[in-house]
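The values are calculated or read from the model by the stated rules, or taken from the named source; none is laboratory data. Predicted model only: the values in this text are computed from it and were never measured. Here the Cβ positions follow ideal geometry from the backbone for every residue, glycine too, while neighbour counts run over all protein chains shown. For the accessible areas, the whole protein counts, side chains as well, though only heavy atoms, and no ligand, DNA or RNA atoms are used. Shrake-Rupley method; radii C 1.70, N 1.55, O 1.52, S 1.80 Å.
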Amino acid sequence: MHDGQRNELQDDSGARQQGGERGGGLPLAGFTVGVTAARRAAELGTLLERRGAEVVHAPALRIVPLTDDAELLAATKQLIDDAPDIVVATTAIGFRGWVEAAEGWGLGTPLLARLGGVELLARGPKVRGAIRAAGLTEEWSPASESMAEVLDRLLAEGVDGKRIAVQLHGEPLPGFVESLRAAGAEVVGVPVYRWMPPQDIGPVDRLLDGILARTVDAVTFTSAPAAASLLRRAEERGVRGEVLDALRHDVLPACVGPVTALPLENEEVATVQPERFRLGPLVQLLCHELPGRVRPLPVAGRRVEIRGHAVLIDGELRPVPPAGMSLLRALAKRPGWVVSRGELLRALPGAGRDEHAVETAMARLRVALGAPKLIQTVVKRGYRLSLDPHAETKYADA
């Protein structure tokens, strides 16, 4: 077992323990989380499902190796012929792909010889492992896996007049290359692979639909290109503004690190990020953030938490159909207040104008909750959550 796997298992154990501290239930039970990752999507999905989440897999991009790409070949020949002062390796898969491509062109030995004679920086442990597997030794690697820390080191050492080769993520690294050039460095990009839209766009469209309908509680991003790709697809469908509004107010965007978050934060979408830029801490963060966004309500002597696709009643999870969740959210906006049938009808997706649809959905909601007294019928007026009398003052201004 390598260090990365061991760290993820430790993170997994910590998140399970955190979940156990929330009343014995799984911390993400009742929540739906979108996964946009292309690489390690199954691993991230498993970590989320172990904590009770329902996972929507929607790879927002695919990785296309450039083993026959003229741009990569030209950059490799240029670096062999004219040695840079510094080489920055950013991803393990990219570094391995670069070496394998060079070997395919018959340039593997001269490339490794050149890399062995320059200052070689690795973004984190995984890249460091790929460098050492190639028989090389890195000069330095940050513990945080942060490109910001790599940039800080380079700028602190001084890069004026230096030639720096940067293995790109697939798209130019926002701010990184620009900062080096502004400090006087000559930067050579090494495009080892590119991010492309997925061949099957259906899962991405379904995720966007879930974001728009607020049936997805959070979306995870592990790369900046994935975030950019999701927004690009939203723009192609003419719903970019609506998707951004959902991400700003209702659906939690969780990014593995600050570089990943840039496409979203450039659109004034606030994101959450773990202190350690790894999958385990990202899942731990969701285990804390999503339950923390739910306000427990004392209703008819029960403790009620309205989650994404289910309701937690005294610690017991009760799945609820989408129509029922729409009604329940409308009632919970003003706990204890009467909500008219007309207003509830507007909350029902595709219900039309017949208020009988509200009665039908309400009957199914009560069955799903298994506690009919949670929702009170107010004759000729509508429905209300049976908020406990002692809580009326607390929630009067909700």
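Can you compute the charge dipole magnitude of the range 313-360 about its Cα centre, using +1 on each Lys and Arg Cβ and -1 on each Asp and Glu Cβ, nothing else charged? Give it in debye, rounded to the nearest 20. Spell out each step's value before the answer.
Working: 7 positive and 6 negative charges, 47 e Å.
Computed charge dipole of the range 313-360: roughly 220 debye.
How high is the relative contact order of the chain? Use alpha-carbon pairs under 8 Å, at least six apart in sequence, and give a whole percent. Numbers along the way, then the final one.
Details: 709 pairs, mean separation 62.7, N = 398.
After rounding, I find 16 percent.
Let's test the formula: R0 of 30 Å, r as the Cβ-Cβ distance of residue 137 and residue 74. What FRET efficiency results, to the nearest 0.05? Spell out each step's value before the answer.
Working: r = 27 Å, r/R0 = 0.90.
E between residue 137 and residue 74, to the nearest 0.05, is 0.65.
Ignoring ligands, DNA and RNA, what percent of the accessible area of the chain is carbon or sulfur (1.4 Å)? Kindly include the intermediate steps, with their values, before the conclusion.
Values: 9040 of 18270 Å².
The value for the chain is 49 percent carbon and sulfur by accessible area.
For labels at residue 156 and residue 186 in the simple 7 Å Cα→Cβ model, what's the distance in nm?
The modelled label-to-label distance comes out at 2.8 nm.
So how much accessible area does residue 85 have, in Å² to the nearest 10, using a 1.4 Å probe?
70 Å²
Could you give the accessible area per residue of the chain, probe 1.4 Å, as a whole number in Å²?
On the way: 18270 Å² over 398 residues.
Per-residue value: 46 Å².
Could you derive backbone 3J(HN,Hα) for the range 121-128 from the dihedral phi with the Karplus parameters 6.51, -1.76 and 1.60 (θ = phi - 60°), listing whole Hz in sequence and x where the residue is Gly or Pro?
Along the range 121-128, the couplings run 10, 10, 5, x, x, 5, 5, 4 Hz.
Please report, largest first and rounded to whole Å, the three semi-axes of the ellipsoid equivalent to the chain, where each semi-axis is the square root of five times an eigenvalue of the C-alpha gyration tensor.
Details: eigenvalues 506, 86, 60 Å².
Listed largest to smallest, the semi-axes of the chain are 50, 21, 17 Å.
Please work out whether the range 143-243 counts as rounded, prolate or oblate from its C-alpha gyration tensor, where a ≥ b ≥ c are the square roots of the eigenvalues and a/c under 1.5 means rounded, while otherwise a/b larger than b/c means prolate and anything else oblate?
Prolate shape, in that a/c is at least 1.5 and a/b is the bigger ratio.
Highest mean first, how do 205-211, 87-93, 287-293 rank when packing is the count of other Cβ atoms within 10 Å averaged over residues? Write down the numbers at each step before the final one.
Numbers: 205-211: 19.9, 87-93: 23.3, 287-293: 17.9.
Highest-to-lowest ranking by the protection proxy: 87-93, 205-211, 287-293.
Over the range 72-199, what number does the Rg to Rh ratio reach, with both radii from the alpha-carbon atoms and Rh per Kirkwood?
With Rg and the Kirkwood Rh in hand, the quotient comes to 0.94.
What is the distance in Å between the Cα centroid of the range 91-139 and that of the range 175-243?
A separation of 27 Å, based on Cα centres.
Take every DSSP beta bridge whose two residues both sit in the chain, then give the antiparallel share in percent to the nearest 5.
Values: 21 of 46 bridges.
Antiparallel bridges: around 45 percent, rounded to the nearest 5.
Grab the DSSP H runs of the chain that are 4 residues or longer, score each as -39,500 (n - 2.57), total them, divide by all residues and round the 222 nm result to the nearest 500 deg cm²/dmol. If you can, show how the numbers build up before the last one.
Values: 17 runs with 180 residues, N = 398.
For the chain, the value works out to -13500 deg cm²/dmol.
Going by amide H atoms built from the backbone, whose H comes under 5 Å of the H on residue 187, apart from near neighbours?
Excluding prolines and chain starts, which carry no amide H, the hits are 164.
Using a Gaussian network for the chain with springs between C-alpha atoms less than 10 Å apart, which of these wobbles most: 129, 184, 324?
Ranking 129, 184, 324 by mean-square fluctuation puts 184 first.
Among 260, 279, 309, pick out the residue whose Cα is farthest towards the positive end of the charge dipole of the range 244-336, where Lys and Arg carry +1 and Asp and Glu carry -1 on C-beta, about the Cα centre.
Farthest towards the positive end: 309.
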